[in-house]
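Scroll down for the structure; my scribbles are underneath it.
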Amino acid sequence: MESTVSLPLHSSTLSRLVAHLRQGNGGPQDLAAAVTDAVNSWICAREVRQQGADADCVRGYQWKSLFLPEGTVLRSWSYGEHNYARVEGDHIIHRGRTVSPNQFAQSFARTTRNAWTDLYIRRPGDERFYLACRLRSEQAKQAKLAAPVAPADDITKFVLALLAAKIPAPIVQLPPAPAPRNVPPGPGWNLPERRKFRYRIEDVAFE
């Protein structure tokens, strides 16, 4: 017997399911069985759509970092008119022959051209043509934003740990303590002594 778990379900969705079961539309009449059947049907539908999407995405032309899916139209401008090529399968086709983006850009030019700044691209789903170098820059920007970034606290901890491991702690040398002052009080003298020696040399000579 398979184990079961409880999942939260919106009351409105549950009410619709109960109403549907009451109509007897050929499905399971048990509530738990109906939910299981609905989830399995949803998973199967998603898998079918995913397989179809993967099959479509396989076809296309990989132009260095920029992927051109099948159906993409390439356009160049030369001597007052537009020239077009189209991605069919895994190749770029222009006038019935396979070309690279650079070959297509040079087809109607008398000077050397940079395909990234010369060709305009319109992929399936695009409303207009975009310059190839712009699409490449936007793709690189999105990839940079999508890259995981370590939290600032983790980076700070890592840097501090690295510095602590490589830099030895400095040795602090304290200055030597001064010698104690010889200030024994003289006979009959009970006030604080401010001089280093109680008697002066000239006083001792006459005692």
Is it true that some residue in the range 33-40 is loosely packed, with under 10 Cβ neighbours inside 10 Å and either at pLDDT 65 or above or under 30 Å from PHE104 (Cα atoms) (or both)? no
Selection within the range 96-119 - within 15 Å of THR72 (Cβ to Cβ), touching a helix residue (DSSP H, G or I) at 6+ places or on another chain (Cβ under 9 Å) and of a type in the set (Ser, Thr, Tyr): SER100
Here the residues within the range 81-138 that are more than 16 Å from PHE67 (Cβ to Cβ) and charged (D, E, K, R) are GLU81, ARG95, ARG97, ARG110, ARG113, ASP118, GLU127, ARG128
Just to be sure, is TYR79 modelled with pLDDT of 65 or more, among the aromatic types (Phe, Trp, Tyr) and more than 37 Å from the chain's Cα centre (by Cα)? yes
Filter the range 86-126 down to residues that are basic (Lys, Arg) and under 21 Å from ARG136 (Cβ atoms) and give me whichever is surrounded by the fewest Cβ atoms within 10 Å (Cβ to Cβ). ARG86
If a residue counts only when it is among the aliphatic types (A, V, I, L, M), assigned by TED's automatic domain parsing to the domain that holds LEU68 and modelled with pLDDT of 75 or more, which helices (runs of 4 or more DSSP H) contained entirely in the range 95-207 have at least 1 such residues? 101-106, 115-118, 132-146
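The values are calculated or read from the model by the stated rules, or taken from the named source; none is laboratory data. Keep in mind that what you see is a predicted model, and the values were worked out from it rather than measured. Using ideal geometry, Cβ is built from the backbone for each residue, glycine included, and neighbour counts are taken over all protein chains shown.
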